[in-house]
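Here it is, the structure in full.
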Amino acid sequence: MQNQRVLTFLTGVIALVLVGFVLKIAQAVVLPLVIAWFLSYILAPPVNFLARHRVPTAPAVAVVMILLFGFFYLTGLFLYSRSMAFIEQYPKYADQFTQIATAVKERYTVPAWLSLGEIDWNRQIGQHLMSFSGSFIAFTGNLAMVLVFLIFMLLGKPYFAGKVRRAFPDNQGQRVANVTSSIAHQISRYLYVKLILSTVSSLLVWIVLVIGKSDFPLTWAVLAFLLSFIPSIGTVLASVPPVLLAFVQFYPNFWVAAGIATALLIIHQVIGCLVEPKVMGDKLNLSPMVILLSLVFWGWLWGITGALLAVPIAAAIKIVCENIEMLKPAAVLMGADTHHSEPL
């Protein structure tokens, strides 16, 4: 019996490694599928609402997809206009940053490996911008595949629960339907609450940057909105660019940048540490360590897109483990339930 358990454990480890290898190799196909799955939880409620009011599924999906296309079109226009505005101002910031680096080198003893004044900031930052642009173009190139997957998922959403019940025996079919319904409910609730809190947070960021007369306040507010979906580190990453830009823009006055950094820190701490746990509650019931490990793993596997999907994927895995007898211990370890646990 002991040997059988060891063999089962080793088989599970090998299976996980193989699954990770396949997900990495097949990223070009699997990632658009997962993104479509992620979006389907946001767009399924409107489709189901129209279906309940006797609107045929195909027209309902068409209406939702038209609205989604309009959203993507407006987003593309916004990104294009912001990129052009930043490119126009980029030489000014590059020259200013070179002056700051030269002043630091003249005033302080700088190590040889940190020769700030000799770095070609135009070339260095330009390379990073080109790299980011390439990643964004690659993402938009996969957008068509995402939309195709999404259309077929939405077309099958209203009938999925009924097909599951018919496909399995009575008790088993109902159990599978309950698992999928629980996954859909928890992830949808997480996404909608996160959308509201991220919108409020980004609006406050925009107000702070406008009051501080920082350049591109709307751009940084949108960045804060998007990165807030990455747990723990997203808000930190979103705060760095506007603070650095304010440091360069208002040099040699450092107080404006310090004030903006303090205000952004307060906003993210209040919403992330006080408001969000209060509103979100323990619905996901995920351990902070599980969220961190999921963030690291999916971020390594699929980059920033994987980091955005880390929490919903972890929640789905936990729900599946809760409903499989052999995997229930894993679900308990993944949970954040401290009411029934005692410290050592």
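In the neighborhood of Lys328, defined by Cβ-to-Cβ distances under 12 Å, what is the net charge if each Lys or Arg adds +1 and each Asp or Glu adds -1?
Net local charge, Lys328 excluded: -1.
Now, a different point. Given R₀ = 30 Å, FRET efficiency for Val13-Leu274 by Cβ-Cβ distance, to 0.05?
0.15
How would Ile271, Ile260 line up from fewest to most surrounding beta-carbon atoms within 10 angstrom?
Placing the least packed residue first, the sequence is Ile271, Ile260.
With a 10 Å Cβ neighbour count serving as the proxy for reagent exposure, in which order, fewest first, do Lys328, Lys157, Lys194 appear?
Lys328, Lys194, Lys157
Read-outs: derived from the displayed coordinates by stated rules, not from any lab. On a predicted model such as this, the values are computed, not experimentally measured, just so you know. When we count neighbours, we look across all protein chains shown, and the Cβ atoms used for this are built from the backbone with ideal geometry, even at glycine.
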